[in-house]
Amino acid sequence: MLKLYLLLISITGIVGVSYSQSNNCASLTPEQSDLGYKRLSNRCEGFYNPKLSGNLQVVSFITGGNIEFTWNEKTELMISGIDSAASPLHVRAVSLPHNVFYQMDALLDKSKSLNWAVGPYVFRRGIKPGQLGMYGWAGEEDNKIFSPVSVSEKGITTTNKSDIILKIRTVLDLSNFRWNLSRTIGMTCDSVINPFQNFAGDMTAGSIIEIKIPRPAKNISVFCLEIQYRPENKRWQSEILKIKI
């Protein structure tokens, strides 16, 4: 089941040219190949043997919504946190297709960015730009404070991407999925800003549900994102995600 998380959101990207050398690999069982998940010089990366749990998984949280880059083994990406992100900031990339078990983990210092070559793992195994998700977080692995990240191709000037998209992957077949936003008083959810929005797309196991996070009024700093979902032939379940702007 998707747990209660704090989602840390801001608008402006951070510009930087280096990364933290001190990063921790996730507790994964590496695939038995030269592409198995392992520690590298500035990150942990590779393919692993799956052990899935829960009903929903956060798989991407970036400005612009989608990762775009030139499909080439020499392409390098710049991954940055946002102004209000915690330091250090954990950054994770995953495969959006549910049957490709890939992960990259790195740790960024404040006002720094990760220079990430896609050739050694992503390109070599055939993961395309539209098949990658990425997000940042602070805190412990099982109690994350999520933060959106900015991803751009090195040497390519991109336009400002104002949208912030949260992507959630279903682990089970769902018959219904809906969400709404509400203001908060302190850490308590208050008045609802908009009625529930129903997701009308594919909700079979492994599908991706996108939630666009709207730009808030300047005098509002914290939202509650309430998610209600119904697995096939089961009762409705409800989760609250706190969103801090």
**Report entry** Pairs from Lys38/Lys144; Lys128/Lys242; Lys167/Lys234 whose Cα-Cα separation, in the structure shown, is over 28 Å
**Finding:** Lys128/Lys242
Report task. Enumerate by residue number the GluC sites (Glu not before Pro) in segment 134-184 meeting two conditions: DSSP loop (anything except H, G, I, E, B), and at most 15 other Cβ atoms within 10 Å of the site's Cβ. Result -> Glu141
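Every number in this text was worked out from the coordinates using simple rules, so none of it is lab data. If you're wondering where the values come from, they're calculated on a predicted model, not measured in any experiment. Cβ: placed from backbone, ideal geometry, glycine included. Neighbour counts: every protein chain shown.
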